[in-house]
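Heads up, the thing below is written out as structure tokens.
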Amino acid sequence: MNVVAKTETGRALGDAFAVARDRLPGKGKIAEQRREAFEAYERLGLPHRRIEDWKYTDLRALMREVLPLAPAPDAAALGRAAAAVKLRAIDGVRRLVLVDGAFAPDLSDLGKLDKGLSIRPLREVLDAGDSALSAQVIATDVSNPMIALNGAMATDGVVIEIADGTVLTEPLHIVHVASGTAPASMFTRSLLRLGRDTGATLVESYLAGEDAKAYQTHDGLIVAIGDNARLDHVRLVEDSVDAFNISSATVSLGAHAHFNTFGLTSGGHVSRYQLTVTCSGEGSKVETNGVNLINGKQHADTTLFMDHAVPHCASREIFRAVVDDRAHSVFQGRIIVRPDAQKTDAKMMTRALLLSDDAEADNKPELEIFADDVTCGHGATTGALDESLLFYMRARGLPEKEAQALLIQAFVGEAIESIASDPLREVAIATAQRWLQARA
Amino acid sequence: MSLLEVKDLQVRVEEREILHGLSLTVNPGEVHAIMGPNGSGKSTLSHVIAGKPGYEVTGGQILFKGEDLLEMAPNERAAKGVFLAFQYPVEIPGVTTWNFLHAALNAQRKARGEDEISSPAFLKKVREVAKSLNIPQDMLKRGVNVGFSGGEKKRNEILQMALFEPAVCILDEMDSGLDIDALRIAADGVNALRSPERAMVVITHYQRLLNYIVPDVVHVMSKGRVVKSGGKELALELEESGYAQFEDAA
């Protein structure tokens, strides 16, 4: 029998749920689902290093305290959030802002929605008791304690539905902001459903108010991409230096669907992003790309499960980590090819660049192949900047940090290049450059 | 004042002494050739002048316009006007030649307290130089030296030399890996940069290169020292009799 030794943090999360449960949106069946999700979390407990998927991100060791659930943002919190949002505003997008775990209508743009596009705050959906929809949002992978906890505790989020045949011209931008007024934790969950023959771009940003207090953000994104639909997804994590970000995205693809996702983590103290992608329709295509740019004592974990359930699907993963000082980067990528998934074409390449002797990068690519007619491959490398290149560049007049910056940009370039939209690629490049300039 | 003065230079690499007291004086406008067999320390000298890490200077000095070059970082040396054309120019995937040259030129200008060069002015300048060296524009859009032939890599070195307008150019085995046509183009590029203010130090195994870049002074290196210096006829003499005669002298 698996006995879970409860830690203080684990117990504190239980207490937090007990206090919060009556205030959480959704009654009846939804409340029941939350309770089940919480029980799943309690059975498993806070993940630790003896659980293989969490080997490099031991939350029992890293997460020493549980911060109180964030109160609904007041005017001061909204003001701080608005300033942070403005600083990282992206032109030409429809902005949807979550402040301290609550949808902020005044900072969001819900006007003149395209025909076929519906956007609603999660709280509203749960309060309205739309059982089919809320079942999708709260129903959860109970094998992952943090996703279960997120389902149990989610206070708000956005529910986006794109009707069959609708192609959005304007990217959607979900901005998660911690106002940072007081130490707090927040739990959000969002749903994005793309019908058949649709197209959309989703950007997600994680930000904090200036000089934010410590916070813990837990987010879950659930995405269903219909047949012949395409989603482009860009995720930028620029949390503040004391922040925890424990998030997940669970994505399923229909037949001939296409999912292109890029994630950049440069902020936060401890972050874990678990991306689960399932090809459930034949002929679907997935490109998963990511970059970690971290320094100081940052810990950033990207864990990917690429599940090929049906034949004739293709997936590509390119991951790059740049790790300075005493930072710790983790990339776990598991490609599963189910027995029926013949003609799967799956490749994964992860590379880490260590800029200091104390930096650590753990790259763990895994293939689990149960079909016999497939093309699969993976590779992983870890190394330092090439001294001969650095000398050449310095001999041409570039100071060391500038030469390093050019080489780092080139190193992460292949992953950033995968972003299909030119303006969003520029946003990602600018985010990377901010990190490089800060270390120069 | 002489431009470059190497005085009694002693250099070690991993406990082994490579240069045992080398001296060399180069004045503005002069072209010096340094010849010598493999392992005589020619490339070590060029690396130490440019500031490559991994060499330990245990004695002597290198002065550039009277300043102590050994106290400067490689990028400071470049900004002061020291240029090394590499024997094997490296490939830098993902960094376009344009971006690299622009960043390097601006870094040098900034170090000298000059204004940055604007993109249009830079573009114009590079285009002119590239044209004179027969370097197609699309080569400049590619990663630095990525997929370049041996000749193209050497031409790219000369392009940089022309762009940065250094006071001293060290050309390390410029002829290695070049066929006769590529060699002629590269040499023409170098000759075009000869001027009364600029000095060049041409390091080579073979006399052949010196038919194209005619030196004022020829030095013979052996076992980490200059063992003989003379006029350009010394190079021809070496071609006849080989380096063996100097092995004992060292």
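What to note about this one:
- Of the residues A:V93, A:V412, A:V337, the one that moves most in a GNM of chain A with alpha-carbon contacts below 10 Å is A:V93.
- Surface listing: A:H328, A:H312, B:H32 arranged by accessible area from highest to lowest gives A:H312, A:H328, B:H32, probe 1.4 Å.
- Over the protein assembly as shown, equivalent-ellipsoid semi-axes from the Cα gyration tensor in Å: 61, 25, 24
- Accessible surface of B:R198, taken over heavy atoms with a 1.4 Å probe and every protein chain present, rounds to 40 Å².
- Each of A:F262, A:V241, A:L192 was scored by the projection of its Cα onto the charge dipole of segment A:151-263, and the greatest displacement toward the positive side belongs to A:L192; charges sit on the C-beta of Lys, Arg, Asp and Glu.
- Measure of compaction for segment B:45-109 (Cα Rg per 2.2 N^0.38 Å): 1.25
- Counted charge near A:I318, where neighbours are those whose Cβ lies closer than 11 Å (Asp, Glu -1; Lys, Arg +1): 0
- A simple rule links phi to the HN-Hα coupling: the Karplus curve 6.51 cos²θ - 1.76 cosθ + 1.60 with θ = phi - 60°, which for segment B:193-207 gives 9, 5, 7, x, 8, 9, 10, 9, 10, 9, 9, 7, 6, 10, 5 Hz, with x for Gly and Pro.
- Here the scattering of segment B:133-250 is modelled by Debye summation over its C-alpha atoms, one equal scatterer each and no solvent; at q = 0.16 Å⁻¹ the log10 of I(q)/I(0) is -0.82.
- In this structure A:R49 has an accessible area near 140 Å², from a 1.4 Å probe over the protein heavy atoms.
- For A:K364, the aspartates and glutamates whose Cα comes closer than 14 Å to its Cα, not counting residues fewer than 8 places off in the same chain, are A:E52, A:D53, A:D301, A:E317.
- Against the rule of thumb 2.2 N^0.38 Å, how large the Cα Rg of chain B comes out: 1.00
- Largest-first ellipsoid semi-axes for segment A:298-407, taking √(5λ) over the Cα gyration tensor eigenvalues, angstrom: 36, 15, 9
- For A:A346, the residues whose amide H sits under 5 Å from its own are A:S315, A:T375, A:C376, A:G377, ignoring neighbours fewer than 5 places away on the same chain, with H placed 1.01 Å from N.
- By the rule of a second cysteine Cβ within less than 4.7 angstrom, the protein assembly as shown holds isolated cysteines at A:C376, B:C169.
- Here A:E52 and B:A73 are evaluated by their C-beta separation; at R0 = 51 Å the FRET efficiency comes out at 0.65.
- 10 °C / 1.306 mPa s Stokes-Einstein diffusion coefficient of segment A:1-151, Kirkwood radius on C-alpha pairs, µm²/s: 89 µm²/s
- For segment B:57-201: rounded, prolate or oblate by the Cα gyration tensor [a/c cutoff 1.5]: oblate
- Each DSSP beta bridge with both residues in chain A is either parallel or antiparallel, and the antiparallel ones are about 5%.
- Residue-level accessible surface for A:E39, protein heavy atoms, 1.4 Å, Å²: 80 Å²
- Mean projected area in nm² (Cα convex hull; one quarter of hull surface) for segment A:147-267: 7.3 nm²
- Residue-by-residue Karplus 3J(HN,Hα) for segment A:149-155, coefficients 6.51, -1.76, 1.60, Hz, glycine and proline x: 4, 4, x, 5, 9, 3, 9
- Expected 222 nm ellipticity per residue - DSSP helices of 4 or more, -39500 (n - 2.57), all of chain A, to 500: -8000 deg cm²/dmol
- Overall form of segment A:8-385 per C-alpha gyration tensor (a/c, 1.5; a/b vs b/c): rounded
- Partners of B:K110 within straight-line reach, counting lysines whose Cα lies under 26 Å from its Cα and excluding those fewer than 8 residues away in the same chain: A:K401, B:K52, B:K65, B:K80, B:K124, B:K125, B:K141.
- Within the straight-line cut-off of under 21 Å between alpha carbons, the lysines reachable from A:K213 are A:K86, A:K297, sequence neighbours fewer than 8 places apart in one chain being disregarded.
- Solvent-accessible area assigned to carbon and sulfur over chain A amounts to 50 percent, based on a 1.4 Å probe.
- Comparing mean-square fluctuations of A:K27, A:K112, A:K401 from a GNM of chain A with C-alpha springs under 10 Å, the top value falls on A:K112.
- Modelled FRET efficiency - R0 56 Å, B:E239 with A:D357, Cβ distances, 0.05 increments: 0.65
- Gyration tensor (alpha-carbon) shape descriptor, segment A:18-100, a/c threshold 1.5: oblate
- Solvent-accessible heavy-atom area per residue, rounded to whole Å², over chain B at 1.4 Å: 43 Å²
- Fluctuation leader among A:T166, A:T250, A:T375 - chain A, Gaussian network, Cα springs under 10 angstrom: A:T375
- Efficiency of FRET between B:E15 and A:D372 - r from beta-carbon atoms, R0 45 angstrom, step 0.05: 0.20
The values are calculated or read from the model by the stated rules, or taken from the named source; none is laboratory data. The structure displayed is predicted, hence computed values, not measured ones. Counting neighbours? That spans all protein chains shown, and the Cβs are built from the backbone with ideal geometry, glycine included. Ligands, DNA and RNA are stripped out before the accessible areas are found, and what is left, the full protein with its side chains, is counted by its heavy atoms. Shrake-Rupley method; radii C 1.70, N 1.55, O 1.52, S 1.80 Å.
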